[in-house]
Protein chains: 6
Amino acid sequence: MFSITVRDHLMIAHSFRGEVFGPAQRLHGATFLVDATFRRAELDDDNIVVDIGLATRELGEVVGGLNYRNLDDEPAFAGVNTSTEYLAKVIADRLAERIAAGALGEGARGLAGLTVTLHESHVAWASHERAL
Amino acid sequence: MFSITVRDHLMIAHSFRGEVFGPAQRLHGATFLVDATFRRAELDDDNIVVDIGLATRELGEVVGGLNYRNLDDEPAFAGVNTSTEYLAKVIADRLAERIAAGALGEGARGLAGLTVTLHESHVAWASHERAL
Amino acid sequence: MFSITVRDHLMIAHSFRGEVFGPAQRLHGATFLVDATFRRAELDDDNIVVDIGLATRELGEVVGGLNYRNLDDEPAFAGVNTSTEYLAKVIADRLAERIAAGALGEGARGLAGLTVTLHESHVAWASHERAL
Amino acid sequence: MFSITVRDHLMIAHSFRGEVFGPAQRLHGATFLVDATFRRAELDDDNIVVDIGLATRELGEVVGGLNYRNLDDEPAFAGVNTSTEYLAKVIADRLAERIAAGALGEGARGLAGLTVTLHESHVAWASHERAL
Amino acid sequence: MFSITVRDHLMIAHSFRGEVFGPAQRLHGATFLVDATFRRAELDDDNIVVDIGLATRELGEVVGGLNYRNLDDEPAFAGVNTSTEYLAKVIADRLAERIAAGALGEGARGLAGLTVTLHESHVAWASHERAL
Amino acid sequence: MFSITVRDHLMIAHSFRGEVFGPAQRLHGATFLVDATFRRAELDDDNIVVDIGLATRELGEVVGGLNYRNLDDEPAFAGVNTSTEYLAKVIADRLAERIAAGALGEGARGLAGLTVTLHESHVAWASHERAL
């Protein structure tokens, strides 16, 4: 199995509902380092998993749709706790849609799976892994 | 599949028995960065894998039970080479006991598995992965 | 010259005023890794710069006074752009006050200076350096 | 499952053929951080996955066979795009041959698998995972 | 004193002349992580050292002028060993020219100095520091 | 001003005397990442600060003289608290002696200064800076 990973980041405000979140129930924020990992069993005709330039561009566009925002005000997240692990799934699913739409090229249709990891600090991170 | 990871560290002395360990047969020590990864198939009602505050606290307590010690003097490790990979298992198993005892909350009973990684330097680390 | 550095982090929401900030004029947020460096010419009687336990505790208290907040709502920052470099100064000054008040011990009165660095992402950070 | 990982690095020149590579079609270069991960189900009699000294030495020899070279001039890579993911496989396969030849000791015959990750920058990396 | 730092990277091929360089006399390559640090005594009217967006853009343009090239073929470096420390100076000087030309805005004329650090691997880096 | 830095690491056991050290009065240990920075005003005839190969070798020898030991048993440290900041000075001074003895080559006589930084964990490090 092969994989490539590209990294970007986003900076958002949000708050959580539920006692489990303690002081994070207040409006606060986070920088998330975002690592998107693309997997496939065999390399394509160019000897790569996927065009790293396209992967970086598409991750940048998905991240750009969330960046510099207060997630509490985003209709897409109404009534939802935008936890790190949940946001990893949001980004993975949006990348999967783009792959299905051909945004990473025809070769990317051979991708087997996708993992998105969000680092909220140097001491905590979360991942979502899914098939394609 | 979702996961969250929290990081702590511990500083211990120990020595190894066996020629394979070369100069590490002498009493020396290590700082271990300790990453504990908790996995589950679906998020809970709070939209999280597990309460990151509880996960950090419980990891801190497990690490605290080993920290600032000479492992050669610990009865729990009598006659045992406390290699990085072995200590990863010790910490994973102690976390698993706490999860089973409810220390990470009722929701943590839905956890599927656990991985503990110990970094002994910037150029070497070890992991143990287990089911829950 | 000697120094020791301890790291903590904080997670806040804020917005900026001024066209130069582009999309960061919107309410967003950041995780700041906070590194506090304490400098002195000679080591003290314990052969240290300052008690690293006290340094960690005091940095934690200063960081705790800012953490999990929307800085736009903090009276201390009314009408102020809470840029990364500005926040580095805020934290340095608050640490300097604590040092002057004896919170880091008598020995800390021998400290020569202080630098605080805030990392807002893996690709951008800012520092403030001051004498004591 | 247990694993240990050791890190080394190599510095090479190369170029790519194919429009997908854009400016990387020109002769350029890279520093690759190389992480080799060795996996096995149970620890050996010394309580380890594999002798970390031998693992470091063998990785060093495999890396040394590629280091400080223009890969475009290496017969082994004639007509091949030496992408990061492809080089991860080259290194994994060369390590696997050495393991089979006994270079990591008799105990290493119990290894279940191997993953090699090459970091080409702080924002991009690639892996190859294989059984043994 | 205040500073901000932004990070980019570049990937080049080159070779060195002189026995001191050993195997690095062969054509090889490097990924350089490039950190540009801008210093000033007081913050400007926006409460910043310099517009981080402009700093990132200008560093990107300077880096872009070197990226994906064989430095042995660049007329600007004819007969010159393009060591990591020398390249740090090249990038610092090119940034200084842009600052003098107003590319970082009028406020950047208040900058006191500049440091450029190039990381050639996880175990080696070099810096050049200059006044403005 | 120019500098180059090389990194190595060491793994030792030790204990501290003095109430300020709390649980670190017990025999424990540490991995120290060791960064040695060499500074000079102008580059030498090879366009470098110092031969990075020699710098790495000499740092390795200094580190090797401390590695895999219980510092409490070393005559050189009898009655001394081997704090991180103190060990940074020990390593800096030993490197300075080697530079004076010509171990880094004739060119190294032009070095202006030296800084050694020891990272004891991901959240704490210490430095010693000296002239040459």
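The values are calculated or read from the model by the stated rules, or taken from the named source; none is laboratory data. Since the structure is predicted, the reported quantities are computational estimates derived from the model, not experimental observations. FYI the Cβ positions are ideal-geometry reconstructions off the backbone, even for glycines, and counts take in every protein chain you see. What goes into the accessible areas is simple: the full protein's heavy atoms, side chains included, and nothing from ligands, DNA or RNA. Shrake-Rupley method; radii C 1.70, N 1.55, O 1.52, S 1.80 Å.
All told, B:Gly60 meets the bar of being touching a residue at least 24 places away in the same chain (Cβ under 8 Å) and out of contact with any helix residue (DSSP H, G or I) (no Cβ under 9 Å at 6 or more places or on another chain). Pick from the stretch F:38-55 the residues that are closer than 24 Å to F:Asn67 by Cβ, open to solvent by 10 Å² or more (accessible area, probe 1.4 Å) and of a type in the set (A, V, I, L, M, F, W, C): which of them is farthest from the other protein chains (Cβ to nearest Cβ)? The residue in question is F:Leu54. With the condition kept exactly as written, say whether any residue in the stretch F:88-100 is open to solvent by 10 Å² or more (accessible area, probe 1.4 Å) and either within 14 Å of chain B (Cβ to nearest Cβ) or more than 15 Å from the chain's Cα centre (by Cα) (or both). The answer is yes; a qualifying residue exists. Just a yes or no: is a residue in the stretch F:88-100 under 25 Å from B:Val123 (Cα atoms) and touching a residue at least 60 places away in the same chain (Cβ under 8 Å)? Checking the stretch F:88-100: not a single residue is under 25 Å from B:Val123 (Cα atoms) and touching a residue at least 60 places away in the same chain (Cβ under 8 Å).
Can F:Ser15 be described as within 30 Å of E:Leu87 (Cα to Cα) and out of contact with any Cys (no Cβ under 9 Å at 6 or more places or on another chain)?
Details: within 30 Å of E:Leu87 (Cα to Cα): no; out of contact with any Cys (no Cβ under 9 Å at 6 or more places or on another chain): yes.
No: the conditions fail for F:Ser15.
Name every residue in the stretch A:68-83 that is open to solvent by 30 Å² or more (accessible area, probe 1.4 Å) and either touching a residue at least 40 places away in the same chain (Cβ under 8 Å) or in contact with a strand residue (DSSP E or B) (Cβ under 6 Å, 6 or more places away or on another chain) (or both), in order of residue number. Walk me through how you get there before you give the answer.
Applying the first criterion (open to solvent by 30 Å² or more (accessible area, probe 1.4 Å)) to the stretch A:68-83 yields A:68-69, A:72-76, A:78-80.
Passing the criteria: A:Tyr68, A:Arg69, A:Asp72.
Looking for something open to solvent by less than 10 Å² (accessible area, probe 1.4 Å), more than 14 Å from chain F (Cβ to nearest Cβ) and among the aromatic types (Phe, Trp, Tyr) - is there at least one such residue anywhere in the stretch B:29-37? The answer is no; no qualifying residue exists. Scanning the stretch F:56-67 for residues that are open to solvent by 40 Å² or more (accessible area, probe 1.4 Å) and either polar (S, T, N, Q) or part of a loop (DSSP other than H, G, I, E, B) (or both) turns up just one, F:Thr56. Mind checking which residues of the stretch C:26-55 are in contact with a helix residue (DSSP H, G or I) (Cβ under 8 Å, 6 or more places away or on another chain) and within 19 Å of E:Ile4 (Cα to Cα)? Within the stretch C:26-55, C:Ala30, C:Phe32, C:Val34, C:Ala36 meet the criteria. Residues that are among the hydrophobic types (A, V, I, L, M, F, W, C) and more than 30 Å from A:Gln25 (Cα to Cα) are absent from the stretch B:93-107 altogether. Annotation: of all residues in the stretch A:15-28 being crowded, with 16+ Cβ neighbours inside 10 Å and more than 7 Å from every other protein chain (Cβ to nearest Cβ), the one that is modelled with the lowest pLDDT is A:Phe21.
Among the residues of the stretch E:28-35, is there at least one that is in a loop (DSSP other than H, G, I, E, B) and without any contact (Cβ under 8 Å) to a residue 60 or more places away in the chain?
Within the stretch E:28-35 (the criterion being in a loop (DSSP other than H, G, I, E, B) and without any contact (Cβ under 8 Å) to a residue 60 or more places away in the chain), the answer is no, since none of the residues qualifies.
Confirm whether B:Leu111 is crowded, with 20+ Cβ neighbours inside 10 Å and more than 23 Å from B:Arg17 (Cβ to Cβ). Taking the combined requirement at face value, the residue satisfies it. Would you say B:Arg7 is of a type outside the set (Asp, Glu), surrounded by fewer than 19 Cβ atoms within 10 Å (Cβ to Cβ), in contact with a strand residue (DSSP E or B) (Cβ under 8 Å, 6 or more places away or on another chain) and at the interface with another protein chain (Cβ under 7 Å from one of its Cβ atoms)? No.
Got a sec? Which of C:Ser15, C:Ser3 is more than 18 Å from the chain's Cα centre (by Cα) and among the hydroxyl-bearing types (Ser, Thr, Tyr)?
C:Ser15
Filtering the stretch B:58-74 for residues that are within 13 Å of chain A (Cβ to nearest Cβ) and in contact with a Leu (Cβ under 8 Å, 6 or more places away or on another chain) leaves a non-empty set.
Number of residues in the stretch B:92-132 that are farther than 30 Å from F:Val6 by Cβ, part of a strand (DSSP E or B) and small (Gly, Ala, Ser) equals 2. Being farther than 22 Å from F:Val123 by Cβ, more than 9 Å from every other protein chain (Cβ to nearest Cβ) and surrounded by 19 or more Cβ atoms within 10 Å (Cβ to Cβ) is true of B:Leu104. Every listed requirement among (1) within 27 Å of F:His9 (Cβ to Cβ); (2) at pLDDT 95 or above is met by D:Ala41 save one, (1). Every condition in (1) within 14 Å of chain F (Cβ to nearest Cβ); (2) at positive phi holds for B:Ser83 except the one numbered (2).
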